[in-house]
Amino acid sequence: MRFGLTLPTGGPCADPTFLVDLAQRAERAGWDGVFLEDYVVFQGDPVAPTCDSWIALAGIAVGTSRIRIGTRVTPLARRRPWNVARQAVAVDRLAAGRLILGAGLGDVDDHVGSDASFTHFGEQLDPRRRARMLDEGLEIIAGLWSGEPFTHEGECFEIEPVTFVPVPVQKPRIPIWIGGGYPHRGPSARAARWDGSALYRADGGELTPDDVRAIRAAAGDRPYDVTVGTHAGGGDRERERLASLADAGATWAVQYVPVSNPATMRAAVDRPPLRVDRSGGA
């Protein structure tokens, strides 16, 4: 099992130099990955300081050498997929093949109210329409990454013949992890079609070993990542929980670092991750 951190893009992290510093600290502390949220305005607050995730990832790519990096997740329905394809290739090349693209539907309403990243910019609010845009967008991105002539005529997007080069460092392409609420049918089926699951329990609970086994089985017999959440301070009980999830097939445990003062956030990433093996040991 690998261990990663998800970092916010608001508060002190609105400064991309601080995000680069946190990522470098995480690499020195032994974390395996650093992932950024992807907002236009942080957590839907139209006055919140916010960092552009892709610019920050470029800085992290050149400022680190080992950790996997990526978004968790990019709401593709409010992004031009061809722009995301170009950005992702650039970051993957800067990182020498360490990028993971996390993608999902994006929230419109959450615990703090309407998400201004959608509502304040005239973005699509209907979840069914956003789901179709997401699925088409993912197909477009994968097609453009091939480096072969590509065209697309769909319900949401049309692309006349075009060839995108250079291609990603990673073969056959940059891994795509899908976020969304489990066990909802749409996100679960979408995650099974791509390279990894960043699904979370839609009821607010934690993924169980049975959930992990079902997610992994849906993807079939191929290399596939299943991520689960973890948190600091759980001690041996958390280590045992993660060991059971690893034994069920989870490959990553990812901890969110909430917005706080810079010293507290630095301390959180400086703390080494727990380590478990798939046999259930510590």
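The values are calculated or read from the model by the stated rules, or taken from the named source; none is laboratory data. As the structure is a computational prediction, the values presented were derived from the model and not from experiment. For neighbour counting, all protein chains shown are included, and Cβ atoms are generated from backbone atoms with ideal geometry for every residue, glycine included.
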#### Entry: Whichever residue in the range 1-22 is small (Gly, Ala, Ser) and touching a residue at least 60 places away in the same chain (Cβ under 8 Å) and, among such residues, is surrounded by the most Cβ atoms within 10 Å (Cβ to Cβ)
Gly4
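Go through the range 159-174 and give me each residue that's of a type in the set (D, E, K, R) and closer than 13 Å to Ile141 by Cα. Full working, then the answer.
Step one: of the range 159-174, the residues of a type in the set (D, E, K, R) are 160, 171, 173.
Within the range 159-174, just Arg173 meets the criteria.
If you take the residues of the range 125-161 that are of a type in the set (Phe, Trp, Tyr) and out of contact with any Pro (no Cβ under 6 Å at 6 or more places or on another chain), which of them is farthest from Ile178 (Cα to Cα)? Full working, then the answer.
First, pick out the residues of the range 125-161 that are of a type in the set (Phe, Trp, Tyr): 145, 150, 157.
Filter once more, so that each one left must be out of contact with any Pro (no Cβ under 6 Å at 6 or more places or on another chain): 150, 157.
On the way: Phe150: 23, Phe157: 20 Å.
Only one residue fits best here, namely Phe150.
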### Query
Does the range 66-82 contain at least one residue that is over 22 Å from Asp225 (Cα atoms) and of a type in the set (S, T, N, Q)?
no
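Pick out the one residue from Leu101, Leu57 that is surrounded by 20 or more Cβ atoms within 10 Å (Cβ to Cβ), under 21 Å from Tyr200 (Cα atoms) and either more than 17 Å from the chain's Cα centre (by Cα) or at pLDDT 95 or above (or both).
Details: Leu57 fails: under 21 Å from Tyr200 (Cα atoms).
Exactly one residue qualifies, and that residue is Leu101.
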### Task
Give the range 235-248 a look and list any residue that's farther than 17 Å from Arg213 by Cβ, touching a residue at least 12 places away in the same chain (Cβ under 8 Å) and either in a loop (DSSP other than H, G, I, E, B) or of a type outside the set (Lys, Arg) (or both), or say none.
Asp236, Glu238, Glu240
### Residue list for the range 171-206, restricted to those being touching a residue at least 40 places away in the same chain (Cβ under 8 Å) and among the hydrophobic types (A, V, I, L, M, F, W, C)
Ile174, Ile176, Trp177, Ile178, Trp194, Ala198
### Query
Within the bounds of the range 97-106, is there any residue that is farther than 27 Å from Leu245 by Cα, touching a strand residue (DSSP E or B) at 6+ places or on another chain (Cβ under 6 Å) and in contact (Cβ under 8 Å) with a residue 40 or more places away in the chain?
no
### Query
Can Pro166 be described as more than 23 Å from Thr50 (Cβ to Cβ), exposed (fewer than 14 other Cβ atoms within 10 Å of the Cβ) and out of contact with any Pro (no Cβ under 7 Å at 6 or more places or on another chain)?
yes
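Which one of Pro262, Pro272, Pro223 is under 24 Å from Gly10 (Cβ atoms), surrounded by fewer than 17 Cβ atoms within 10 Å (Cβ to Cβ) and not small (Gly, Ala, Ser)? Outline the logic, then answer.
Details: Pro272 fails: under 24 Å from Gly10 (Cβ atoms); Pro223 fails: under 24 Å from Gly10 (Cβ atoms).
Selected residue: Pro262, the only one of Pro262, Pro272, Pro223 that is under 24 Å from Gly10 (Cβ atoms), surrounded by fewer than 17 Cβ atoms within 10 Å (Cβ to Cβ) and not small (Gly, Ala, Ser).
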### Summary
Checked Ala198, Ala219, Ala189, Ala267 against criteria (closer than 22 Å to Ala131 by Cβ, aliphatic (A, V, I, L, M), at pLDDT 95 or above and out of contact with any strand residue (DSSP E or B) (no Cβ under 8 Å at 6 or more places or on another chain)); the one match is Ala189
### Task
Give the residues of the range 249-267 that are without any contact (Cβ under 8 Å) to a residue 40 or more places away in the chain and over 19 Å from the mean Cα position of the chain (by Cα), sorted by residue number.
Ala263, Thr264, Ala267
### Query
If you check Val254, Val228, Val269, which single one turns out to be in a helix (DSSP H, G or I) and within 16 Å of Thr6 (Cβ to Cβ)?
Val269
### Query
Are any residues in the range 130-139 among the aliphatic types (A, V, I, L, M) and surrounded by 22 or more Cβ atoms within 10 Å (Cβ to Cβ), and if so, which ones?
Met133, Leu134
### Subset of the range 25-54 (residues that are surrounded by fewer than 18 Cβ atoms within 10 Å (Cβ to Cβ) and either within 24 Å of Asn83 (Cα to Cα) or at pLDDT 95 or above (or both))
Arg28, Ala29, Gly30, Pro46, Pro49, Asp52
### Task
Report, by residue number, each residue of the range 204-225 that is more than 20 Å from Arg72 (Cβ to Cβ) and outside any helix (DSSP H, G or I).
Thr208, Gly220, Asp221, Arg222
### Query
Which one of the conditions (1) farther than 26 Å from Asp225 by Cα; (2) crowded, with 23+ Cβ neighbours inside 10 Å does Phe118 fail to meet, given that it meets all the rest?
(2)
